[in-house]
Amino acid sequence: MMEFQALFEQYRDLITIAVYGTAIALIVIGLYAVLMKKHLVKIVIGLSIMDAGIHLLFVAIGYISGGTAPIFSPGNENAGARMVDPVPQALVLTAIVIGFAVTALALSLVIRLYKHHHTANIDQLNSLKW
Amino acid sequence: MVITPVHYIVAPLIAAFAIPLLIKIHKDAARIVPGIVLFYNVIVSLFLMNHIAEHGMISETLAGWQAPWGINLVVTPFTGFLATMVSILGFIIWLYGYRFKRTLKGGEVKYYEILQMMMIAGSIGIIITGDIFNMFVFIEIVGISAFSLTAFYRSRDGAEAGFKYLLIGGFASAFLLLGILIIYTQTGTLNMAQIAERMPDVPQQMKIVALIFFLVALGIEAEMFPLNGWAPDAYSQAPSPTSATFAAVVSVAGVYALIRVVFTMFDVEGVNNYLMVMGFVTMLIAEIAAISQKDLKRMLAYSSVGQVGLVLIAFGIGSNLAVFGALFLMLNHGVIKSLLFMAGSYFIYNTDDKKIKSLNGIYKKLPIVSFFFALGALAIIGFPPFSGFWSKFYILISAADEKYVFLIIGILLVTIIELTYYLRVVGRIYFAKQEGEPASHKPSINALVAMSSLALFIIVIGVYPDLIMPHIQSAADALLDKSNYIQQILSIKN
Amino acid sequence: MEGILFKIFGAFITALLAFTVGMLFGGLRRKVIARAQNRVGPPVYQNFLDLLKLQSKTTNIAHGFMGHMAPVWIIIAAMTTLMFIPVLQGDLWFENLTMKGDLIFLLYMMVFGNLGMALGAGQSGNPNSVLGVSRGLSQLVGFEIPYFLAITALMLQFQTTTIAEFLNIQAETGVWIVLQNPFAFIAAVLASLGMFMYAPFNIVGAPAELASGPRAEFGGKYLGTMMTGGAVFAFIKLVLMVDLFLGGAGNNNLEGIAGTAVGLLELLLKTFLFYMIPVFVAIVSPRYRTEQAIRFFWKWPTFFGILAIVWALYKNGTFN
Amino acid sequence: MEIIAIILLILLVGSMLTFLIDSFSSKLTGITAFLFSLAASVVFFTQIPSGYQFKFQLAGLDLQWGLTDYSYYFAYIIFGMSVLALLYSIKYMEGKGRLGYFYGSFLLTILGMFGVVISQDFVSLFIFWEIMTWASFLLVIYNAYYKVKTKGVKYMIFSAIGAYAMLTAIVFIRVHYDTLLISEAIAKGAFNFEQYIYIPIFLLLGFSIKAAVMPFHVWAPSAYSKSPMSFTTIFSGAMSKMGVFGIGLVFTSIYLGTNPENFYWVRTILGWLGGITAVMGTIYALIQTDAKKLLAYSSVAQLGYIVVGLSTGTKLGIMAALYLTVIHAVFKGALFMVAGAVEKQAGTTDMTKISGLIRRMPWTFLVALVSIIALAGMPPVGGFVGKWLLYEALITESNNYILVVVVFFSSTAAFLYSYRFLYGLFLGQEEKDTKDVKEAPITMLIPMLILMIIAIVSGAVPGLIFEPAAKAMEAIGFQDVTWQMSSLTNLWGDTTNLGLISMLIGAVFVIVFVFITLKGYKNTKDVGTKDISTSGEIPKEWENLSFQQDFFQPFQRAAAPLYSMNMNKIWKNLGENLEAFFGFFRKLYTGNGQTYALYVVIFLVVLLLFKDVIFS
C-alpha cells in the first residue's frame, strides 16, 4: 500500500494531467459524436461519453492527494482534514443514475424512431420543422 | 407548523410509487391519486403562503443537516408565489385531463398520470429548492418526465420530438453540471445563498465562465433563442394537457431557475442587457416563426416561446416594476396559454387534424370552447379588459422608466405580429366557411370547469387586477432583495 | 312691410331682366355664329319663340318624380343665385340679397342646378342622357379648379369673400380687377369657356351623338322651364364675371331712374362683350373629348390660377 | 354606485343579455339591444351634467372618469347614432344568423366609445379604446366569411398599430410628466413640441389611424363596406370620430401651447395628409360599382376634410371640423342606412345589378337625396355649412392656399360619386328583377327620416349644432367662440345668411313646383323608363339601356395619374414581403435535432469568446 502511494507521489502531476485530460477528452469526444455522427445510437453513445467525462471531472476535483475515504469511523474522528471531498462523489452518483435513466429513455426512443422511420440517420428525422 | 415545504416533494413521490399498487385495488386510482396529490399541493401552497405572510420566509432543511451543508427548501414570497401558481395550474390541468385520456388503456393512463404528476412536482421542486445541485436533480426529473410525455403517443412525430428534446436536454444537463462544477470548485458550496455570499471572492473570469454555462443550460430550459429548437416540436407533439403543462409549469420553472441563478447567485454586470437582448431576439424570432405556422399547437408553442422572451426582457430590465410585470406576465401566460392549449386540444380532438385550416367554422360545433379560445387569444395579445393587458402594460411602463424607446416600439411591433396570427385563427374559427362535418366530441364537464376557472381568472383579473397585484408585488420585492435572502437562509436554524 | 314688398318687386324685376337678357344673348349667339358661318341665321328673338312653343304644348311627358323636379331645381338654383348677385351696384331694385351670401355659397349654388338636371336626366332611363351627365360632371371637375383658383386669388388679394365688396373696391380704387390681377382673369375666362359648354367643350350635350344628352328626354313645359333657367344662368355667369373683373355696373353719379338706365346699359354692354369671348371661341373650335377637355383645364388655366394666387399673395404682402 | 358606472354596466349587462337571449329567441335580441342603448342614453342625458367627475384607483393607478363639454359633444353623436342604428338594426338584421353575437358586440362597441369620451386619464382611455377596437373587429368580420384573413385582420392590424403608438406615448407621458391624467398632462405641456416630440406625434398617429388618415386609410373602405350596414352607420358615423376626438384634443393643446413656428410643419403635414386623404377617398369612391364601397371611400374622404379642418387649428377650422363631425355622422349614417335598406330589400347594393328603385322605395330615395345633397355640401342642407366653414377657415385663417384647392377638387369630384350613388341605385332603367322590391319597413325608415330632418334643419339653423360645438371648443381651451343661430361669418366679416337662403329656396321651390305641376296637369303623362326616344324607336324589352359600368370613364382617363398611386397595393406588398422575410427566419428551425444541438454549442462558444464584451 505504501509503495503504491510512493509511486503515486512520484507521478502525481502526470496522473493529475492524465485524469483531467481524460475527462476533457471524453467530453470532446462525446461532443464530436453528438454533433457529427449521423447515427442515432452513436449520438446517444456520444451523450453518455460526454456525461462520463463530466462525471470524471467532478470526481477529479474532489480528490485530495493521499486522502482517505470520507467516513468518520471510531478512532478516526479527526480525519476530516484528510478526507476526499465527499460532495462531488455524492453528486456524481446522482448524476450517473440520472444519466442512466436518460440513456435508457433515449435508446427506447431510438428504437421507436427506427420502427417508424426505418432509418437511424438523424438527418432524415426532420418531419417537424419551421 | 403542520405542513412544511417538503410535502411538496414527498407527496408526489409516495404517490408515484403507490399508484402501481393502488391500481390493483381500483382501476381509476391512476387517475384519482395524482389529482389528490396535486390538490394537496395546492393546499400546501396556500398554507405556506399564509404562513410566510405572517412569519416571514421558511427555509426547511432536509435530513437534519443545517442550511449551508444540507439541502434546504426555501419558501419566500417569490418562490411561494410561483409554487402556488404552478400547483394551482397543475391541478387545473389535471382536472382538465381527467377524462381526456379515457380512450387509452389503463396501463398507459398510469404512466401518463405519474409522469405528469412528477413533472409538476419536479417543477415545484425546482422553484422551492435552495440548493443548486438539488435544482439540477429536479430539472432532470422534470426533463425525463417531459421527454417521455413528449413521446407519449408513440407516434412517428412524437418520438422524433421526444428525441430532439432529449438531445438538447442532455446538453442542458451536461452544461449545468459543468457550471455547478466550476461554482463548487470556486466557492466550495452548493447552497445558493452561500454561493451568493461567497461570489464576490470568486475571480471574475471564473465567475463569467460559470455564468455562461448556467445561462446556456438554463436558457435551454427557459426556451431562449437559439437554444429552443426543441420547444415547438415538444409542445406540438405532446398530449395537449402536457403542452399546457409545458407552457404553464415547465417554462415557468425554467425561467425561475434562470432568474434565480442570474439574480441571486451571480453579480455580473451586463447580464441584464444580455437577458434583454436575448429575450427580445427570442420573442421576435418566435413570433415571426409563429405567423406562418399551419399547425395549431405549433403556433401556440411558438407563441409560448415568444411570451417567455417577453418575460426575459422584463427580467432584463430589472427594475422592481419590471420584475413585477415579468411575474405578472408569467402568471398570465401560464393561465392564458393553458386555456389556449386546452381549447385548442378540443379542436384537434374534434377535427382529428392539427392543421389550422381544419378549424374553419368550428364555432358551430364547439361554441363554448371557441369562446374560450377567442378569449384566450384576445387576452394573450394583451387587449384590455383582460388580464394579459396589465402585465404588458407594466412591462412597457418599466421599460419607459428606463427610457428604452426602441425596446418598447419593438415589443409593440412584435405584438402586432402576434395579433395577426391569433386573429386569423379566431377569424377562421368563427367566420370561415365550414368544410365537411367534423366529429362531435363535446367537452366533458371537468374540462369545462377547468377552462371556465381559467377564463374567469382572465376576466376577473383583467377587470380588477388589485386582487392579485399585492402578492406579485411582494414576490417581486422578495426576488430583488438578495441580501435578505442570503441572511435569512444562513441564519435560520430550525 | 313696404320694404319687403319693394324687395319682392325688385326681385321680380331682376328676374325679368335676367330672363330677357339671357334669352336675347342666346339669340344673339345663334345670329353671330350664323353670320360667321356665312348663313342668315334665325332672328334674334328666336329663343323667345322657341320658349313660347314649348310652353304652349298641350301634352307633356314626365319620366317620374325626379324628371318632374329637374326644371324646378334649375329654376331654384337660378333664382337663388340671381338674388345673391349684385346686378347693379347700389341700386335699390337690383340689390336683392346681395350682402347675405358670399362667393363660396354662390360657387356651390351654381352647381346645384346642374345636379337637379342630372337627376332628372337620370330618371328618364335614357342611357344617352346619363352618358351626357357623366361627361358633364367630369368636365365640371375640370373647369371648377381654375375657376376656384381665380376666385381664391381674388379673395386673398382683397381680403373679402363678398361680391359687393369687390365692386366697392373697384369703385374706390378706380381700377378694374382685371388689371389688378390679370392672371386671375385669364384663369377665370378660360374656366368660363367650360362653364358655358360651348365648343370646344360641348360634348356634354352633343346633339348628333347623344341626342342632346341630358336634355334628351325633356320636352314641353319641362324643356321650356329648363330653357328659362338656362337663360337666367347665362346671365348670372356673365354678371358675376363682370362684377368680379370688369368693375360691375351702375357705379355712376346719376340719380334715380336715369342712373339705373345708364347702369343697365353699361351692364348690357359689358356682359355682351364678355359673352362674345366664349362665342367666338366656339365659332373657331372643334370639339374636345371629355378627358381632353379636363386635361386642358388642368393645364394652362390651372397654371394661371396658381399664378394668380401667387400674384395675390405678392400683392397683399404675404411674401414680405 | 356612481351613475357613470351604471351606464357602463347597463351597456355591459345589455351586451351579455342579448348574447344569451339569442339562444331563446333571436327576435328579441334586437329589441333588447335597442332598449338597453335607449336606457343608457336616457340615463346619460338626464343624470349626468357636463363637468361631472369620478375618481378611483385601479391597479395602483389613479383613474378618473368624467365629462367636459368637449366629450359631451361626442357623447351626443355616440348615443344619438347608436340608438338610431339599433332601432334600424331590428328589422335590418332580421333573419340573419348570430344575432346575439352581433348585438352583444354592438353594445360593447358603444360601451367602448362611451368609455373613450369619458376617460380623463390615459389608461382608461387606452382600455376603452381597445375594447372599442376589438368589439368592432368582431363586427367587421361578421359578414366576411371568406375574407377573414385579409379584410378583418387588416382593420385590426392598423388599429393595433394606432393603439400601440398611443400606448407608447402614454407610457412616456407617465415617465416624463409623472401623471396619467389627461388634463394634468396638458397643463404640464405634454403635447408641446418643444419637449418630447414623439409623445404628440405618437398620439396623433394613434388617433389618425382610427380617423383613417392617409397613408393608414387602407383598412377603412373594406371594413366599412364589409360590416353589416347598421353597424357601419356608427362605425363611420361615430367610431371614426373617436380619432377626431383625440386629434382635436391633442392638436388644440399643441396649438395653444406651442410656439407656432415649431408647430407650422406638423400642421402643414397633417393638413396635407387630410387633403390627400380626401382626394384619394373621392377618386376611388367614384370608380366603385358597389354602393357600400362607394360610401365607404366617401367616408374616408369626408374624414379627410375633418382632419384638414382640425389641422388649421383656428377657431373657424376647429368649428368646421366639429360641425362636419356631426353632420357627417348624420348624413353618412343616413346613407349607410339607405344602402342597408336597399341591400335588405333588393338583395344587393351592386349598382351594376340593380337600378331604378325610386318608384319602389320612394321614402328611402328621399332620404338618400337629401343626404346626398348634404354630402355634396350643397345649400340649403347642413353639409354646406361644414364646407363653407372649412373653406373660409382655410382661406381666411390659414395659409395653406394650395390645400384649399386640393380640398375643393375633392369636394367637386364628390359630386360625381354623389350622383353615381343616386343614379346607380334609384334612377336609371327599371329592370324586371327589381319589380317586386318593397319599401323598407317603418322601423328602418324612422331613423333614416330623423337623420334626414336633422340634416335639413341644421342647414337652416346650424346654430343648434354650433352651440354645443362652441362649448366644446371652450372646454379644450379656445376663448370667446362666436357663432350665430342661422348665419355664418368669417374672419373678414363676410356673412352668409342661411335662414334667408333656406326661406328663399323654399319659397321658389313652392312657387315653381306648383306652377310646373299645375300647368297642363291633365295632359302630363307619367311614363316608365322604357318609353324613351332612342332614334325614334321604342326600345325592346331585351335591349340593354342601363349605363352602369365604367360610369366616369372620361374622368378616370383624365385623372389616370392619380389612380396609379395605390396605397392599398403598397401596404399589401409590404405585408407580403414581410411575411416572406419572416419565412426566411423561420428556416432557422430546420427540424434537425443535431442542428439544434449545434446551435447550442455554437451559442456557448460565442458567449465564451465574447464574454468580456458581453459581461464586463
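The values are calculated or read from the model by the stated rules, or taken from the named source; none is laboratory data. Bear in mind the structure is a predicted one, so any value in this text is a computation, not a measurement. Note: ideal-geometry Cβ built from the backbone for every residue, glycine included; neighbour counts use all protein chains shown.
So, in segment B:258-276, exactly how many residues are among the hydrophobic types (A, V, I, L, M, F, W, C), over 20 Å from residue B:484 (Cα atoms) and more than 9 Å from chain D (Cβ to nearest Cβ)? I'd like the intermediate steps shown before the answer.
At the first step, the residues of segment B:258-276 found to be among the hydrophobic types (A, V, I, L, M, F, W, C) are B:258-259, B:261-263, B:265-266, B:268, B:271, B:275-276.
From the residues that got through so far, the ones that are over 20 Å from residue B:484 (Cα atoms) too are B:271, B:275-276.
Still in the list and also more than 9 Å from chain D (Cβ to nearest Cβ): B:275-276.
Total meeting the criteria: 2.
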- Note on the structure: Residues in segment D:518-534 that are within 27 Å of residue D:435 (Cβ to Cβ) and modelled with pLDDT of 80 or more total 0
- Query: Can you find even one residue in segment B:455-466 that is crowded, with 21+ Cβ neighbours inside 10 Å, within 23 Å of residue B:366 (Cβ to Cβ) and of a type in the set (A, V, I, L, M)?
  - Reply: yes
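Residues that are hydroxyl-bearing (Ser, Thr, Tyr) and within 20 Å of the chain's Cα centre (by Cα): does segment D:355-375 have at least one? Break it down into steps so the answer makes sense when it comes.
Applying the first criterion (hydroxyl-bearing (Ser, Thr, Tyr)) to segment D:355-375 yields D:355, D:364, D:371.
Narrowing further to those that are within 20 Å of the chain's Cα centre (by Cα): D:371.
So far as segment D:355-375 goes, yes, one or more of its residues are hydroxyl-bearing (Ser, Thr, Tyr) and within 20 Å of the chain's Cα centre (by Cα).
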- Restricting attention to segment B:277-298, and to residues there that are under 27 Å from residue B:128 (Cα atoms) and not small (Gly, Ala, Ser), which single residue is nearest to the other protein chains (Cβ to nearest Cβ)? B:278
- Task: Read through the list (1) assigned to a helix (DSSP H, G or I); (2) over 30 Å from residue D:533 (Cα atoms); (3) within 12 Å of chain D (Cβ to nearest Cβ), then give the number of the only condition that residue C:192 fails.
- Result: (3)
- Task: Starting from segment B:27-48, take each residue that is without any contact (Cβ under 8 Å) to a residue 24 or more places away in the chain and list its partners that are outside any helix (DSSP H, G or I) and surrounded by 21 or more Cβ atoms within 10 Å (Cβ to Cβ), counting only C-beta distances under 9 angstrom and pairs at least six apart or across chains.
- Result: B:32/B:98
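Here's the yes/no breakdown for (1) closer than 22 Å to residue D:477 by Cα; (2) surrounded by 24 or more Cβ atoms within 10 Å (Cβ to Cβ):
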| residue | (1), (2) |
| --- | --- |
| D:98 | no, no |
| D:101 | no, no |
| D:110 | no, yes |
| D:122 | yes, yes |
| D:136 | no, yes |
| D:139 | no, yes |
| D:159 | no, yes |
| D:162 | no, yes |
| D:184 | yes, no |
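Could you list, in sequence order, all residues of segment D:266-296 that are more than 20 Å from residue D:321 (Cβ to Cβ) and either part of a helix (DSSP H, G or I) or touching a Cys at 6+ places or on another chain (Cβ under 7 Å) (or both)?
Answer for segment D:266-296, where residues must be more than 20 Å from residue D:321 (Cβ to Cβ) and either part of a helix (DSSP H, G or I) or touching a Cys at 6+ places or on another chain (Cβ under 7 Å) (or both): D:283, D:284, D:285, D:291, D:292, D:293, D:294, D:295, D:296.
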- Name every residue in segment C:149-189 that is part of a loop (DSSP other than H, G, I, E, B), within 14 Å of chain D (Cβ to nearest Cβ) and surrounded by fewer than 22 Cβ atoms within 10 Å (Cβ to Cβ), in order of residue number. C:159, C:160
- Message: Going through D:569, D:611 one at a time, which residue ends up being among the basic types (Lys, Arg), at pLDDT below 85 and over 30 Å from residue B:266 (Cα atoms)?
- Response: D:569
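Are any of the residues in segment D:546-555 more than 8 Å from every other protein chain (Cβ to nearest Cβ) and either crowded, with 17+ Cβ neighbours inside 10 Å or in contact (Cβ under 8 Å) with a residue 40 or more places away in the chain (or both)?
Within segment D:546-555, the subset more than 8 Å from every other protein chain (Cβ to nearest Cβ) is D:548-550.
Checking which are either crowded, with 17+ Cβ neighbours inside 10 Å or in contact (Cβ under 8 Å) with a residue 40 or more places away in the chain (or both) leaves us with D:548-549.
Yes, some residue in segment D:546-555 is more than 8 Å from every other protein chain (Cβ to nearest Cβ) and either crowded, with 17+ Cβ neighbours inside 10 Å or in contact (Cβ under 8 Å) with a residue 40 or more places away in the chain (or both).
So is residue D:605 surrounded by 19 or more Cβ atoms within 10 Å (Cβ to Cβ) and within 14 Å of chain A (Cβ to nearest Cβ) or not?
no
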- Hey, residue B:264 farther than 13 Å from residue B:221 by Cα, more than 15 Å from the chain's Cα centre (by Cα) and assigned to a helix (DSSP H, G or I) or not: yes
- In segment B:125-159, what residues are modelled with pLDDT under 85 and farther than 30 Å from residue B:264 by Cβ? B:151, B:152, B:153, B:154, B:155, B:156, B:157, B:158, B:159
- Condition set within 21 Å of residue B:115 (Cβ to Cβ) and assigned to a loop (DSSP other than H, G, I, E, B), scope segment B:217-239, selection farthest from the other protein chains (Cβ to nearest Cβ): answer is B:239
- Message: Exactly one condition in (1) more than 9 Å from every other protein chain (Cβ to nearest Cβ); (2) under 30 Å from residue D:457 (Cα atoms); (3) β-branched (Val, Ile, Thr); (4) surrounded by 12 or more Cβ atoms within 10 Å (Cβ to Cβ) is false for residue D:514; which is it?
- Response: (4)
- Query: Any idea which of C:39, C:30 is without any contact (Cβ under 8 Å) to a residue 24 or more places away in the chain, within 20 Å of the chain's Cα centre (by Cα) and more than 10 Å from chain D (Cβ to nearest Cβ)?
  - Reply: C:30
- Task: Kindly indicate the residue of segment C:270-290 that is over 14 Å from residue C:242 (Cβ atoms) and among the basic types (Lys, Arg) and also nearest to the other protein chains (Cβ to nearest Cβ) among those meeting that condition.
- Result: C:289
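Being more than 7 Å from chain D (Cβ to nearest Cβ), surrounded by 24 or more Cβ atoms within 10 Å (Cβ to Cβ) and of a type in the set (Ser, Thr, Tyr) narrows it down to one of C:134, C:129, so name that one. Break it down into steps so the answer makes sense when it comes.
Values: C:134 fails: more than 7 Å from chain D (Cβ to nearest Cβ).
Every option except C:129 fails the conditions.
Could you name every one of the helices (runs of 4 or more DSSP H) located completely within segment C:239-319 that has at least 2 residues being under 23 Å from the mean Cα position of the chain (by Cα) and surrounded by fewer than 14 Cβ atoms within 10 Å (Cβ to Cβ)? If you could, list the steps in order and put the result at the bottom.
Values: elements: C:256-284, C:290-298, C:300-315.
Qualifying helices (runs of 4 or more DSSP H): C:256-284.
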- Residues of segment B:165-205 classified as modelled with pLDDT under 85, in a helix (DSSP H, G or I), within 11 Å of another protein chain (Cβ to nearest Cβ) and closer than 18 Å to residue A:57 by Cα, total: 2
